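This report concerns only the one structure given below.
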Amino acid sequence: MINNKRKSRRRQVRYTAWLVLEGGQLHGCALSDASDTGARLDVEDSKKIPDTFMLLLAGNGSAQRTCRVVWRKPQQVGVKFERRLAPQDRATLVPVIDADDNVRLEPA
């Protein structure tokens, strides 16, 4: 029997999201499942993902979570949501693509 240590019920989803990396660079990912306390993210290379990062659930930055990696597989990471940002702390951000096709967030 598998010992499930999750505190919240997990829901299967397939949702595109973005990790905010150093310098505001965005890295695309897909949510495989999510709960109130964390998520499983499909990524290209989990070694490139920092231990903590901001996860954007909407392209304009209106839905975001601070995440901490709790486990890694080659193309997946499990994250715990550290806290939800208060509305006054959320910036209205838009993705901007530069000449090298890098995506970063900038204030609207």
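Among residues of segment 61-76 being over 14 Å from residue 37 (Cα atoms) and at pLDDT 65 or above, the one that is surrounded by the most Cβ atoms within 10 Å (Cβ to Cβ) is 76.
Restricting attention to segment 29-52, the residues that are part of a strand (DSSP E or B), in contact (Cβ under 8 Å) with a residue 24 or more places away in the chain and surrounded by fewer than 19 Cβ atoms within 10 Å (Cβ to Cβ) total 3. Any residue at all in segment 41-48 that is modelled with pLDDT under 90 and under 9 Å from the mean Cα position of the chain (by Cα)? For segment 41-48, residues modelled with pLDDT under 90 and under 9 Å from the mean Cα position of the chain (by Cα): absent.
Does segment 91-99 include one or more residues that are out of contact with any Leu (no Cβ under 7 Å at 6 or more places or on another chain), at pLDDT below 70, under 19 Å from residue 22 (Cα atoms) and charged (D, E, K, R)? Scanning segment 91-99 turns up at least one residue that is out of contact with any Leu (no Cβ under 7 Å at 6 or more places or on another chain), at pLDDT below 70, under 19 Å from residue 22 (Cα atoms) and charged (D, E, K, R).
The values are calculated or read from the model by the stated rules, or taken from the named source; none is laboratory data. None of the values given here were measured: they were computed from a predicted structure. Because the Cβ atoms are built from the backbone with ideal geometry, glycine has one as well, and the counts that use them run over all protein chains shown.
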